[in-house]
Amino acid sequence: MRRGAGFLLDASVLIDYAEADLSILELVARHVAPVHIALPLLDEVAQVSRTDCERLGILVAEPTLEQLMTAAAARGGPLSFQDRLCVLIAEASNWTCVSNDRALRHECETRGVPMVWGLELMIQLVARGQLTANQAITAARAIAAINPRFITNSVLTRFTMRVRKLRK
């Protein structure tokens, strides 16, 4: 991660961590890089309020009118309005997009926007000694139970192997 850069969460990643262990995002914001969520995406997440974000150090990003209009004008394709907005904001701000959505990942790669999977945030915490491998694996299992469509058994197995290697 570039120094001074930040992360932009998509709504599904925020929901995953809200259901599993929201304090992990606070650790990311404190020890890895600033964590952002776009206001229209936060509005989709019933589990987390703006006050929760402020308490955890998650910064709420207000999109520009141009970003909103551009995201709304694009029609068709696999990306939702929220996904297009995520890409636009991350691109303009030099932030790394955090999502488990393959279509969003593909769009980020096409546009040169850095991208990480949701579980990769915990790998960075384990590497920095801010989260134990066991804590990360427990949280990842909880996220997999919540979101089995994106966090499959094979994803969970690869994640577990990676964090266990960091422990040594």
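For a quick check of understanding: with a 1.4 angstrom probe and all protein chains in place, what accessible area in square angstrom does H106 have, to the nearest ten?
Its heavy atoms expose roughly 120 Å² to the probe.
Summing Lys, Arg as +1 and Asp, Glu as -1, what charge do residues with Cβ under 12 Å from the Cβ of G77 carry, G77 excluded? Each step should come with its number before you reach the end.
Values: positive: R75, R84; negative: D83, E107.
Spelling it out: positives minus negatives among the neighbours equals 0.
Work through the residues other than L56 whose Cβ is under 15 Å from its Cβ and net out their charges, Lys, Arg +1 and Asp, Glu -1.
-3
Taking only DSSP H segments of four or more residues, each worth -39500 (n - 2.57), what value at 222 nm results for the chain once the sum is divided by all its residues, to the nearest 500 deg cm²/dmol? Intermediate values should be presented prior to the final figure.
Working: 10 runs with 99 residues, N = 168.
The helix contribution divided over the chain gives -17000 deg cm²/dmol.
What number comes out for accessible area per residue over segment 1-125 if the probe is 1.4 Å? Units Å², please.
Working: 5690 Å² over 125 residues.
So segment 1-125 comes to 46 Å² accessible per residue, rounded to a whole number.
Would you mind checking the tilt of helix 153-167 against the longest principal axis of the Cα atoms of the chain, expressed as 0 to 90 degrees and rounded to 10?
So the inclination is approximately 60 degrees.
When Lys and Arg each count +1 and Asp and Glu each count -1, what net charge do the other residues less than 15 Å away from I151, Cβ to Cβ, add up to? Walk me through the numbers on the way to the answer.
Details: positive: R102, R105, R141, R149, R158, R162; negative: D10, D16, E19, D21, D101, E120.
Once all neighbours under 15 Å are counted, the net charge is 0.
First compute the accessible area of segment 77-168 with a 1.4 Å probe, then give the percent of it belonging to carbon and sulfur atoms.
Values: 2370 of 4740 Å².
Answer for segment 77-168: carbon and sulfur cover 50 percent of the accessible area.
The values are calculated or read from the model by the stated rules, or taken from the named source; none is laboratory data. Source: prediction; values computed, not measured. All Cβ positions, even for glycine, are placed from backbone atoms using ideal geometry, and neighbour counts span all protein chains on display. We work out accessible area using only protein heavy atoms, side chains counted, and drop any ligands, DNA or RNA first. Shrake-Rupley method; radii C 1.70, N 1.55, O 1.52, S 1.80 Å.
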